[in-house]
């Protein structure tokens, strides 16, 4: 049972840059920026991660296909895939299956945003209109303004 909970954990060390919000709203934030904020990889490994994510955005791929298309060293690709999978950006249902993009990273961030918004509202009374809590949809709406 303990290994089950560890397997469900995502690991990314997101460095928050408060200027990123403006970049995101104006379309200037890139996939490389996201990878740069989440992983302490070398520049070369960050470029590989971006390449993998871009390829997987086209269609799911096997390790062998990614190895061929990225022309990366086997060990470098393996480490990049493990980090991307552990962050929740990609997933692989079982060993040998295809890798594909995942929503888990985004859902994890939304959950933290909802927690923070609710905690802040309960403490300060700010933004309380009828309900003293918000949900994922409220955070999504606020993020679009």
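Within the range 10-27, restricting attention to residues that are in a loop (DSSP other than H, G, I, E, B) and touching a helix residue (DSSP H, G or I) at 6+ places or on another chain (Cβ under 8 Å), the residue that is farthest from residue 84 (Cα to Cα) is 17.
Condition check ((1) at pLDDT 95 or above; (2) outside the structural domain of residue 65 (by TED's automatic domain parsing)) across all residues:
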| residue | (1), (2) |
| --- | --- |
| 84 | yes, no |
| 87 | no, no |
| 90 | yes, no |
| 111 | no, yes |
| 115 | no, yes |
| 121 | no, yes |
| 125 | no, yes |
| 128 | no, yes |
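Evaluation of residue 39 against the conditions (1) at pLDDT 95 or above; (2) touching a helix residue (DSSP H, G or I) at 6+ places or on another chain (Cβ under 7 Å); (3) surrounded by 17 or more Cβ atoms within 10 Å (Cβ to Cβ) shows that the sole unmet condition is (1). Residues that are closer than 14 Å to residue 12 by Cβ, without any contact (Cβ under 8 Å) to a residue 12 or more places away in the chain and over 12 Å from the mean Cα position of the chain (by Cα) number at least 1 in the following helices (runs of 4 or more DSSP H) confined to the range 32-127: 74-87, 104-124. Filter the range 134-145 down to residues that are at pLDDT 60 or above and over 19 Å from the mean Cα position of the chain (by Cα) and give me whichever is farthest from residue 89 (Cα to Cα). Ranking the qualifying residues of the range 134-145, first place goes to 134. Within the bounds of the range 87-95, is there any residue that is crowded, with 16+ Cβ neighbours inside 10 Å and over 16 Å from residue 31 (Cβ atoms)? Within the range 87-95, one or more residues are crowded, with 16+ Cβ neighbours inside 10 Å and over 16 Å from residue 31 (Cβ atoms). Does residue 7 satisfy being under 29 Å from residue 96 (Cβ atoms), at pLDDT 95 or above and surrounded by fewer than 10 Cβ atoms within 10 Å (Cβ to Cβ)? Judged against the criteria, residue 7 is not a match.
The values are calculated or read from the model by the stated rules, or taken from the named source; none is laboratory data. Predicted model only: the values in this text are computed from it and were never measured. Because the Cβ atoms are built from the backbone with ideal geometry, glycine has one as well, and the counts that use them run over all protein chains shown.
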